[in-house]
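Asker: Attaching a single structure in structure tokens format; questions to follow.
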Amino acid sequence: MTPAYLYYTATTLDGFLADEHDGLDWLLSQPLTQGSLLDYDSFYARVGALVMGRSTYQWILDHPAEQFADTAGWPYDRPTFVFSHRDLQPAAEMVSIISGSPQEHHEQITAAAGDGAVWIVGGGALAAEFARAGLLDEVLVSIAPVTLGSGKPLLGGAFDLELLEHGRNQAFLEARYRVAGERP
């Protein structure tokens with residue numbers, strides 16, 4: 001059985017994952033509670049492997065004290081695949097640096113996930129590549145009551161989504177969508 005490929009993320013109301021300098025101050029300053037529809041701990045318990053782009057990977061390495069102070073700089077204990085066209089060094093034993101298309105690595109990522117889901121951590125361009133390849137099942141997004149005006153877009157492309165569930169966590173609107181397909 002193929003694991004679900006899930007894009008679990010947060011965005012501003014105007015559709016940006018980060019500001020133009022990859023800043024996440026808008027996100028990290030928002031209050032959250034446990035037990036909501038998109039509760040992180042519940043979500044992460046379902047994850048078997050992670051996929052991310054180089055910018056997300058670099059942000060995690062550059063900001064360990066802000067978000068991940070108790071994890072020695074690498075916050076994930078699951079196999080992690082970093083898509084990059086640059087020569088990067090893995091930050092931990094379970095990190096693999098790969099290049100190419102999602103289709104080229106689908107079998108390897110799926111095998112690494114085992115019985116768990118594949119979490120596409122970021123960014124929006126990489127999530128769009130998976131969606132275009134038919135390898136993105138759902139978008140799980142927390143929408144913050146913030147606008148940036150510019151930055152890194154939520155999803156790099158035009159896609160139809162079907163709302164499956166919605167909820168609230170403090171000021172965040174939470175939504176789970178099925179990826180219906182790319183728009184013509």
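Asker: What's the number of the condition Val51 fails, among (1) open to solvent by less than 30 Å² (accessible area, probe 1.4 Å); (2) more than 27 Å from Asp19 (Cβ to Cβ)?
Answerer: In the conditions (1) open to solvent by less than 30 Å² (accessible area, probe 1.4 Å); (2) more than 27 Å from Asp19 (Cβ to Cβ), Val51 misses (2) alone.
Asker: I'd like the full set of residues that are open to solvent by 60 Å² or more (accessible area, probe 1.4 Å) and touching a residue at least 60 places away in the same chain (Cβ under 8 Å), limited to segment 124-139.
Answerer: Ala125, Asp137
Asker: Return the residues of segment 1-29 that are within 20 Å of Arg176 (Cα to Cα) and not in a strand (DSSP E or B); say none if nothing qualifies.
Answerer: Selection gives Thr2, Pro3, Ala4, Leu13, Asp14, Gly15, Leu27.
Asker: Yes or no: Leu13 out of contact with any Leu (no Cβ under 9 Å at 6 or more places or on another chain) and either closer than 24 Å to Phe159 by Cα or modelled with pLDDT of 90 or more (or both)?
Answerer: Working: out of contact with any Leu (no Cβ under 9 Å at 6 or more places or on another chain): no; either closer than 24 Å to Phe159 by Cα or modelled with pLDDT of 90 or more (or both): yes.
Criteria not met by Leu13.
Asker: Suppose we filter segment 151-172 for residues that are open to solvent by 60 Å² or more (accessible area, probe 1.4 Å), over 17 Å from the mean Cα position of the chain (by Cα) and in contact (Cβ under 8 Å) with a residue 24 or more places away in the chain; how many remain?
Answerer: Total satisfying the criteria: 5.
Asker: Also: Picking from Ile120, Ile109, which residue would you name as being aliphatic (A, V, I, L, M) and over 30 Å from Asp14 (Cα atoms)? Write out each step before concluding.
Answerer: Values: Ile120 fails: over 30 Å from Asp14 (Cα atoms).
Just one listed residue meets the conditions, Ile109.
Asker: Touching a residue at least 40 places away in the same chain (Cβ under 8 Å), within 18 Å of the chain's Cα centre (by Cα) and assigned to a helix (DSSP H, G or I) - does that describe any residue in segment 140-148?
Answerer: Within segment 140-148 (the criterion being touching a residue at least 40 places away in the same chain (Cβ under 8 Å), within 18 Å of the chain's Cα centre (by Cα) and assigned to a helix (DSSP H, G or I)), the answer is no, since none of the residues qualifies.
Asker: Which condition does Arg46 not pass, out of (1) open to solvent by 30 Å² or more (accessible area, probe 1.4 Å); (2) over 22 Å from Val141 (Cα atoms); (3) at pLDDT 95 or above, if it passes all the others?
Answerer: If we test Arg46 against (1) open to solvent by 30 Å² or more (accessible area, probe 1.4 Å); (2) over 22 Å from Val141 (Cα atoms); (3) at pLDDT 95 or above, just (2) comes out false.
Asker: Additional query: Of everything in segment 149-184 that's assigned to a strand (DSSP E or B) and in contact with a helix residue (DSSP H, G or I) (Cβ under 9 Å, 6 or more places away or on another chain), which residue is nearest to Gly15 (Cα to Cα)?
Answerer: Ranking the qualifying residues of segment 149-184, first place goes to Pro153.
Asker: If you check every pair at least six apart or on different chains, which have Cβ atoms under 9 Å apart with a residue in segment 92-113 that is closer than 18 Å to Pro3 by Cβ first and a residue that is modelled with pLDDT of 95 or more and basic (Lys, Arg) second?
Answerer: Between residues of segment 92-113 that are closer than 18 Å to Pro3 by Cβ and residues that are modelled with pLDDT of 95 or more and basic (Lys, Arg), the close pairs are Met94/Arg78; Pro102/Arg132; Ala112/Arg78; Ala113/Arg78.
Asker: Given the structure, is Ala113 touching a Pro at 6+ places or on another chain (Cβ under 6 Å), of a type in the set (Gly, Ala, Ser) and open to solvent by less than 30 Å² (accessible area, probe 1.4 Å)? Give the derivation first.
Answerer: On the way: touching a Pro at 6+ places or on another chain (Cβ under 6 Å): yes; of a type in the set (Gly, Ala, Ser): yes; open to solvent by less than 30 Å² (accessible area, probe 1.4 Å): yes.
Here the answer is yes, as Ala113 does meet what is asked.
Asker: Considering (1) surrounded by 18 or more Cβ atoms within 10 Å (Cβ to Cβ); (2) in contact with a Phe, Trp or Tyr (Cβ under 7 Å, 6 or more places away or on another chain), say which one Ser96 fails and leave the rest.
Answerer: (1)
Asker: Cβ contacts < 6 Å: first residue of a type outside the set (A, V, I, L, M), restricted to segment 48-65; second residue at pLDDT below 85 and open to solvent by 10 Å² or more (accessible area, probe 1.4 Å), any location; separation 6+ or different chain. Result?
Answerer: Every condition considered, the pairs that remain are Pro64/Gly73.
The values are calculated or read from the model by the stated rules, or taken from the named source; none is laboratory data. The shown structure was predicted, so the numbers you read here are calculated from the model rather than taken from an experiment. Quick reminder, even Gly has a Cβ in these numbers, built from the backbone with ideal geometry, and neighbours come from all protein chains shown. The protein model used for the area step is the full one, side chains on, heavy atoms only, and it has no ligands, DNA or RNA in it. Shrake-Rupley method; radii C 1.70, N 1.55, O 1.52, S 1.80 Å.
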